[in-house]
């Protein structure tokens, strides 16, 4: 599956902007949301090819939102990469158990992120 449309979910306007810049320059169409609640509510409507999910957000955190999207019959095929400051090995294991395909610790390098996206596509 070719990845063209990427959903960025992060409560930080700076992070959303930075990730959008990296992805747009990489040739991807980017949609941004500010919370896990929005991601769960709108993923089916947006139908992205990939989701970049922060963890620490108000309301549903990224782990909860990832679990919900990964268990939904209509959206479980969409790969999710968790992008977070939570760098403990237990956080990574937990994120992957929730249904994420990969886990990146911030700050995110543009080349590293784009390489991970290419490898998923």
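The values are calculated or read from the model by the stated rules, or taken from the named source; none is laboratory data. What you are looking at is a predicted structure, and each value in this text was computed from that prediction instead of being measured. When we count neighbours, we look across all protein chains shown, and the Cβ atoms used for this are built from the backbone with ideal geometry, even at glycine.
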Check on residue 42, modelled with pLDDT of 95 or more and in a loop (DSSP other than H, G, I, E, B): no
Can you tell me which of 69, 81 is closer than 18 Å to residue 2 by Cα and within 12 Å of the chain's Cα centre (by Cα)? 81
Using beta carbons and a limit of 7 Å, which pairs, at least six apart or on different chains, have the first residue in the range 40-60 and more than 20 Å from residue 102 (Cα to Cα) and the second one surrounded by fewer than 21 Cβ atoms within 10 Å (Cβ to Cβ) and modelled with pLDDT of 95 or more? 44/74; 44/75; 46/31; 58/11; 58/35; 59/35; 59/37
Would you call residue 8 over 23 Å from residue 97 (Cα atoms), in contact with a helix residue (DSSP H, G or I) (Cβ under 8 Å, 6 or more places away or on another chain) and not in a loop (DSSP other than H, G, I, E, B)? no
List every residue pair whose Cβ atoms sit under 6 Å apart, with the two residues 6 or more apart in sequence or on different chains, where the first one lies in the range 78-92 and is surrounded by 19 or more Cβ atoms within 10 Å (Cβ to Cβ) and the second, anywhere, is at pLDDT below 95 and in a loop (DSSP other than H, G, I, E, B). 83/108
Quickly run through the range 105-121 and pick out the residues that are in contact (Cβ under 8 Å) with a residue 40 or more places away in the chain, in contact with a helix residue (DSSP H, G or I) (Cβ under 9 Å, 6 or more places away or on another chain) and either under 17 Å from residue 9 (Cβ atoms) or not in a helix (DSSP H, G or I) (or both). 106, 108, 113, 117
As an exercise: evaluate residue 40 against (1) crowded, with 19+ Cβ neighbours inside 10 Å; (2) farther than 23 Å from residue 107 by Cα; (3) in contact with a strand residue (DSSP E or B) (Cβ under 9 Å, 6 or more places away or on another chain) and give the number of the one condition it does not meet. (3)
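Working only within the range 52-77, note down all residues that are outside any loop (DSSP other than H, G, I, E, B) and surrounded by fewer than 18 Cβ atoms within 10 Å (Cβ to Cβ).
Passing the criteria: 64, 71.
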Meets criteria (more than 18 Å from residue 16 (Cα to Cα) and surrounded by 14 or more Cβ atoms within 10 Å (Cβ to Cβ)) for residue 99: yes
